[in-house]
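Derivation of every value follows stated rules applied to the coordinates shown; laboratory data play no part. In this text the structure is predicted, and so the values were computed from the model without any measurement. Positions of Cβ are backbone-derived with ideal geometry, glycine not excepted, and every protein chain shown enters the neighbour counts.
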Amino acid sequence: MIECTNCETAQFLQITQSRVFFEDGELINEIMETYQCTLCDSTGQYTYSEDAEDPIVDGSIQVTGERPKYA
Ligand SMILES: [Zn+2]
């Protein structure tokens, strides 16, 4: 899951931009999402590419594999 590094929660993140890039008109090659935290106004970008093993994260967001302790 993706959370704000300032607030350390995903609760206030919203996707402001989402793009999907296609290769040969069929396969999804890359996904790019821009996030903004509605609490502290931090922004970040998340890019997933089939060519890369790990997603690329930029800005004031982080990807965690953990579930929230209390939803
Ligand atoms: Zn925040």
Are there cysteines in the chain with no second cysteine's Cβ under 4.7 Å away, and if so, which? Cys40
Separation between the Gln62 and Arg19 pseudo-spin-labels, each 7 Å from Cα along Cα→Cβ, expressed in nm? 2.7
Top mean-square fluctuation among Glu33, Glu50, Glu23, Gaussian network model of the chain, C-alpha springs under 10 Å? Glu23
Using a Förster distance of 35 Å, how high is the FRET efficiency between Asn6 and Ala52, based on the Cβ-Cβ distance and rounded to 0.05? 0.85
Report the residue, chosen from Ile56, Ile28, Ile15, that carries the largest GNM mean-square fluctuation when the chain is represented by alpha-carbon nodes joined by springs under 10 Å. Ile28
Which three extents, in whole angstrom, do the alpha-carbon atoms of the chain cover along their principal axes, largest first? 41, 23, 19
